[in-house]
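Single-structure report; data block below.
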Amino acid sequence: MLEERRYAGVGVSPGIAIGRILPVSGGSDLLVEPEKVVLAPEQCEKEIGRFDEAVSATKLELDALKKQLGSQLSGGEGRIFDAHLMIVGDVAMRSDVVDFIRKNNTGASYAFFKVSEKYIKVLSGISDEYLRERAMDVRDVAGRILGRLEGLPANKLALLPDQRIIVAHDLTPSETAGLDRTRVLGFALEGGSRTSHTAILARSMGLPAVVGVEGEIFTGLKYDTRMILDGFSGTVIVNPSRRTEEAYRLKAQEAGRFFSDLEREKDLGSETLDGFAVQLAANIESLDDMAEVNKCGAAGVGLFRTEFLALGRGLTLPEEEQFNIYRSLLVANGNHPVVIRTLDIGGDKGLPEMTRNPEANPFLGLRGIRLSLRANQEAFRTQLRALLRAGSFGNLKIMIPMVCCVEEVLEVKSILADVEQELTEEKIDHTTRYAFGVMIETPAAALQADRIAQLVDFMSIGSNDLVQYTMSIDRGNEKVAYLYQPANPAVMELMNRTAKAAHKNNIWVGVCGQMAADPHYTALLMAMGIHELSMVTTAVGPIRRVIRNLRMHEAEALLAETLECSTAEEIWNLANQMLRKIAPEVAEMSSL
Amino acid sequence: MQEAGIQTIEVVVANALGLHARPAALLSKTAGAYSSEVTLEKDGELVNAKSMLGIMMLSACSGTKLKITAAGDDAAAALHAIGELFAGKFGEE
């Protein structure tokens, strides 16, 4: 009987997962089935040559890696390298691949994938633990070789044999983009934070996630290890006993009941006990998410991320393709507003094209609207054309990310005017009745909110980046994660200031960052006079429940009190007390 | 010295953990040092003894009987070396 081990992390996406794991160590081991290509027989010999080349290149790569790591390797790790090297050069595997290519006239990638799949399957079914572990080694090596064959960087592949809990240091957006989402039960990550990409993705998929798990968790993990992931409390349990599993199954049922109660409340208004209403909208990134939007009863889309449309497909999606997506999205939302954010890449969401020339400081580099204006203006114009054309079909609001000065707003407005004129001249149907707004996510923009508000129709506070830039921390860096403080008085002041500027200029202001989804901040944001809260669909129910239990004068008193505070901790404690008083069941379920 | 050709020996896996990765690696390395073709047979299942993965696929646990066949010029020497590995339990308990 294996010993049950418990680890504490930070729950960043609610829910409970119970199942087997897929350890992803430093990338390199996610495999996807390559396309099956049928070739002429003479081509097959070339494919065999290509396979041999990929094998020797991988061998060299592993050798170099082993040398480079040298004395840093423990005995066990060194042996794993040796095992990997033996697998790479394995004669039986090679002859199987060669036979497969000749017999089926397929390309090397497909043949190799099929052969390694066979080995992985047999090895992972073996009762001996030692041998089963080698299945993981074959996966690692196969990932590397396949990466070579497909011309991919070594860590961009995925093979999920069945439903698994992904255990990894952290995953890059392009790695998660390749994941088979139907086969993921949840994420346990060593690195990352509440606002890192994987956490956000997990919440949008409605899957539990725990980050900041001690690195020790990786020791002794096998391909088949069972795990319980508690996204509420942040607990991760390796090799759970039958009793523990039973207890968690009950807890999962309870959570399920809570969420189905909330679902029944989806058509109730999002207004306080004393009648102050706020709009609840959804953050989404694909048309598929509309089912979730309807299920949670969000009134429209407060943030439609468009960078995910481009991920893995090059920088520019053709205008027609974009137009079709935006039109469907607008039609699906009827009269409800749809805020579409223009391409927001750079920072932690790089495209392969950009990672070739990395910036020393991507979060302070060419990202968001800067990239659209300075390096990618053709793609930006294409996107605006598609948006304006689609705008005739619904309630369109265009939003630009990462604004830090008035000049940027002016420049975009002039480009928009240009594009409108272009469309008019080409006699192409488009809207002239859209709204144009900006994200407030830099301290500079928040401080200038009054000037910016005079130029736009709305502002939406991107709290994740606003916290990061105000506190001067990289939110993915766990060494400074303790400084990621949404409740910091500096952040509160900037948000309050932005809200006031919006009121003064008679425009609406929203929050579309993580703070909108965190029930601890709902009362404070309401008191600031935020008009719209946009969040992951899974948060809409809990936030609606909080609002419906709230009285505005209580919220205002809370805000007044917090504006006198000097530390994040004081503010957070006050906010937490309030939440526990008005909606204890939500406080219980929320993961902080 | 026996004549070159096809020769066969029978061995029993005696080390407690069976033919796991390390013994499989050792065995495939040893077999790989000879030019003869060497195959392992377990209950009619044949694998190339020069392949670590092949050996592991047999999942031969402690007590398993194996037939080892070598074919080639140095068949006898190959079988001798391999037989020693099994007799010495691959240096394990």
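Test A:Pro153 against the stated conditions and say whether it is out of contact with any Ser or Thr (no Cβ under 8 Å at 6 or more places or on another chain), at pLDDT below 80, under 24 Å from A:Ile87 (Cα atoms) and more than 14 Å from every other protein chain (Cβ to nearest Cβ). Write out each step before concluding.
On the way: out of contact with any Ser or Thr (no Cβ under 8 Å at 6 or more places or on another chain): yes; at pLDDT below 80: yes; under 24 Å from A:Ile87 (Cα atoms): yes; more than 14 Å from every other protein chain (Cβ to nearest Cβ): yes.
Yes: the conditions hold for A:Pro153.
Would you confirm, using the coordinates I've provided, whether A:Gly70 is assigned to a loop (DSSP other than H, G, I, E, B), at pLDDT below 85, loosely packed, with under 14 Cβ neighbours inside 10 Å and away from chain B (no Cβ under 14 Å)?
On the way: assigned to a loop (DSSP other than H, G, I, E, B): no; at pLDDT below 85: yes; loosely packed, with under 14 Cβ neighbours inside 10 Å: yes; away from chain B (no Cβ under 14 Å): yes.
Criteria not met by A:Gly70.
Within region A:345-390, how many residues turn out to be at pLDDT below 85 and in a helix (DSSP H, G or I)?
Here is the first cut: in region A:345-390, the ones at pLDDT below 85 are A:345-362, A:375-376.
Applying the additional criterion that residues be in a helix (DSSP H, G or I) yields A:352-355, A:362.
The qualifying residues number 5.
Can you name the residue in region A:563-577 that is touching a residue at least 24 places away in the same chain (Cβ under 8 Å) and more than 31 Å from the chain's Cα centre (by Cα) and, of all such residues, is nearest to A:Gly529 (Cα to Cα)?
So the residue we want is A:Leu563.
Looking at A:Thr431, A:Thr470 in this structure, which one is in contact (Cβ under 8 Å) with a residue 12 or more places away in the chain, in a loop (DSSP other than H, G, I, E, B) and farther than 14 Å from A:Val409 by Cβ?
The conditions single out A:Thr431.
Please enumerate the residues belonging to region A:171-217 that are of a type in the set (Val, Ile, Thr), part of a loop (DSSP other than H, G, I, E, B) and modelled with pLDDT of 70 or more.
First, the residues of region A:171-217 that are of a type in the set (Val, Ile, Thr): A:172, A:176, A:182, A:184, A:195, A:198, A:200, A:210-211, A:213, A:217.
Now restrict to residues that are part of a loop (DSSP other than H, G, I, E, B): A:172, A:195, A:213.
A:Val213 - this is the single residue of region A:171-217 that is of a type in the set (Val, Ile, Thr), part of a loop (DSSP other than H, G, I, E, B) and modelled with pLDDT of 70 or more.
Quick one: which of A:Leu268, A:Leu229, A:Leu273 is of a type in the set (A, V, I, L, M, F, W, C) and part of a strand (DSSP E or B)?
Working: A:Leu268 fails: part of a strand (DSSP E or B); A:Leu273 fails: part of a strand (DSSP E or B).
Answer to the selection: A:Leu229.
So how many residues does region A:397-416 have that are outside any helix (DSSP H, G or I) and out of contact with any Pro (no Cβ under 8 Å at 6 or more places or on another chain)? Break it down into steps so the answer makes sense when it comes.
Taking region A:397-416 and keeping what is outside any helix (DSSP H, G or I), we get A:397-405.
Filter once more, keeping what is out of contact with any Pro (no Cβ under 8 Å at 6 or more places or on another chain): A:398-405.
The qualifying residues number 8.
Tell me, please, whether a residue that is closer than 16 Å to A:Met589 by Cα and touching a residue at least 60 places away in the same chain (Cβ under 8 Å) can be found in region A:497-513. First the steps, then the outcome.
Narrowing region A:497-513 to residues closer than 16 Å to A:Met589 by Cα: none.
No, there is no match, as no residue in region A:497-513 is closer than 16 Å to A:Met589 by Cα and touching a residue at least 60 places away in the same chain (Cβ under 8 Å).
Select from region B:45-56 the residues that are more than 8 Å from chain A (Cβ to nearest Cβ), closer than 20 Å to A:Gly125 by Cα and either buried (at least 24 other Cβ atoms within 10 Å of the Cβ) or hydroxyl-bearing (Ser, Thr, Tyr) (or both) and list them in ascending order.
Restricting attention to region B:45-56, the residues satisfying the condition of being more than 8 Å from chain A (Cβ to nearest Cβ) are B:45-46, B:49, B:55.
Narrowing further to those that are closer than 20 Å to A:Gly125 by Cα: B:45-46, B:55.
Passing the criteria: only B:Ile55.
This table checks each residue for (1) within 14 Å of chain A (Cβ to nearest Cβ); (2) under 23 Å from A:Ser95 (Cα atoms); (3) under 11 Å from the mean Cα position of the chain (by Cα); (4) not small (Gly, Ala, Ser).
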| residue | (1), (2), (3), (4) |
| --- | --- |
| B:Gln7 | no, no, no, yes |
| B:Val12 | no, no, yes, yes |
| B:Leu58 | yes, yes, no, yes |
| B:Gly63 | yes, no, no, no |
| B:Ala75 | no, yes, no, no |
| B:Ala81 | no, no, yes, no |
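Filter region B:25-44 for residues that are crowded, with 20+ Cβ neighbours inside 10 Å and assigned to a loop (DSSP other than H, G, I, E, B) and give the result.
B:Tyr34, B:Ser36
Cβ-Cβ distance below 8 Å, separation of 6 or more or different chains: which pairs start in region B:18-44 with a residue that is within 11 Å of chain A (Cβ to nearest Cβ) and closer than 21 Å to A:Leu85 by Cα and end on one that is among the polar types (S, T, N, Q) and surrounded by 24 or more Cβ atoms within 10 Å (Cβ to Cβ)?
From region B:18-44, the pairs are B:Ser28/B:Ser51.
The values are calculated or read from the model by the stated rules, or taken from the named source; none is laboratory data. The shown structure was predicted, so the numbers you read here are calculated from the model rather than taken from an experiment. Please note: Cβ atoms are built from the backbone with ideal geometry, for glycine as well, and neighbour counts cover all protein chains shown.
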